Amino acid sequence: MIRIENLSKIYNNEKIFENFSLIIERGERIVLFAKSGSGKTTLLRMIAGLEACAAGRILLDDVLLTEEKKIIVPPEQRGIGMVFQDLALWPHLRVGENITLALKVKGMRAKERQLALEMMLQKVGLEGFADKKVYELSGGEQQRVALARTLIVKPKIILMDEPLSSLDRELALMLRAEILQLQQEYGFTLLYVTHNKEEAEFLATRIIELKGREK
Ligand SMILES: Nc1ncnc2c1ncn2[C@@H]1O[C@H](COP(=O)(O)OP(=O)(O)OP(=O)(O)O)[C@@H](O)[C@H]1O
Ligand SMILES: [Mg+2]
């Protein structure tokens, strides 16, 4: 369970949001639905441990992750995966290397990494793509690489920041169904950001509106 308590964030003396509280139970699919600039990305970055907060705290299964101005548990120890708004794939690495880098860092052997990679590529519909360069892929394929890279370490929680917003409608419809299927198969808790009401309703077990400062 993630417990967000009275969280506030300030950038350059301006409050982005204030006193935001939310409890996310295991296995829930929460969709955060809010206007541009209301702090959705900022909130996800705080949950991932990439950003501190001005006030409040974040706990995971009663372990304190973040509190007022302090990141207590660093991102790599949280077991929280994130699919970034801009994907943040490594352009100089091949698809397979992008997906398995985290396993390599963890010390998994090459043979096991290869097996995990093959399974993952199949799961996200990218069989045969392991040796391609990221820049050779379409937007939808890159999105699948980003998903695979997050899923392969089997996080308990996955944060997705508008993962389908840059794709055309047809592809977005297909991928959102795949995300739902993967969530049901792996059972991770999902916190998903979108501007698209229909996408929110399709994916969510609960929709939360973040009322931040509007632009
Ligand atoms: N590193 C930063 N330094 C200063 N201000 C920032 C920083 N990151 C974000 N902000 C500001 O905080 C506000 C919230 O930004 P954030 O990216 O969280 O919004 P968002 O809800 O994700 O928007 P979008 O829907 O456009 O992605 C914005 O006004 C933004 O300009
Ligand atoms: Mg954002």
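Rounded to the nearest Hz, the phi-derived 3J(HN,Hα) couplings of the stretch 127-132 under the Karplus curve 6.51 cos²θ - 1.76 cosθ + 1.60 (θ = phi - 60°) are 4, x, 9, 3, 9, 6, where x marks glycine and proline. The separation of the stretch 69-87 from the stretch 141-172, counted between C-alpha centres, amounts to 16 Å. In whole percents, the pair-distance distribution calculated for the stretch 89-153 from its alpha-carbon pairs, binned every 10 Å from zero, is 25, 61, 14, 0. Whole-Hz Karplus values for the stretch 140-156 come out as x, 5, 5, 4, 5, 5, 4, 5, 4, 5, 6, 5, 5, 8, 6, x, 6 Hz, taken residue by residue from phi with 6.51 cos²θ - 1.76 cosθ + 1.60 and θ = phi - 60°; glycine and proline positions read x. Phi angles across the stretch 112-117 convert, under the Karplus curve 6.51 cos²θ - 1.76 cosθ + 1.60 with θ = phi - 60°, into 3J(HN,Hα) values of 5, 4, 4, 5, 4, 4 Hz, Gly and Pro given as x.
Carbon-plus-sulfur accessible fraction, the chain (probe radius 1.4 Å, protein heavy atoms only): 49%. Modelled label positions at Arg169 and Ile72, each set 7 Å beyond Cα in the direction of Cβ, lie 4.7 nm from each other. Qualifying GluC sites (Glu not before Pro) in the stretch 112-215, where qualification requires a DSSP coil assignment and no more than 16 other C-beta atoms within 10 Å, comprise Glu127, Glu214.
When the pairs Lys15/Lys211; Lys35/Lys123; Lys40/Lys69; Lys9/Lys154 are compared against a 21 Å limit on Cα-Cα distance, Lys35/Lys123; Lys9/Lys154 fall above it. Where q = 0.11, 0.14, 0.19 Å⁻¹, what log10 of I(q)/I(0) comes from the Debye formula for the chain, counting one point per Cα? Debye curve over Cα of the chain, log10 I(q)/I(0) at q = 0.11, 0.14, 0.19 Å⁻¹: -0.53, -0.86, -1.43.
Less than 19 Å apart at the alpha-carbon level, and either on another chain or at least 8 residues along: which aspartates and glutamates does that give for Lys132? Within the straight-line limit of under 19 Å, Lys132 reaches these aspartates and glutamates: Glu97, Glu118, Glu141.
A 1.4 Å probe run over the protein chains yields, for the chain, 51 Å² of accessible area per residue, whole-number rounding.
Rounded to the nearest 500, the 222 nm mean residue ellipticity of the chain from helices alone is -10500 deg cm²/dmol, with -39,500 (n - 2.57) taken per DSSP H run of at least 4 residues. Averaged over residues, the count of other Cβ atoms within 10 Å places the peptides 79-92, 153-166 in the sequence 153-166, 79-92, highest first.
The values are calculated or read from the model by the stated rules, or taken from the named source; none is laboratory data. No experiment lies behind these values; they were computed from the predicted model shown. Every residue, glycine among them, receives a Cβ derived from its backbone with ideal geometry; neighbour counts consider all protein chains shown. With ligands, DNA and RNA removed, areas are computed over all heavy atoms of the protein, side chains included. Shrake-Rupley method; radii C 1.70, N 1.55, O 1.52, S 1.80 Å.
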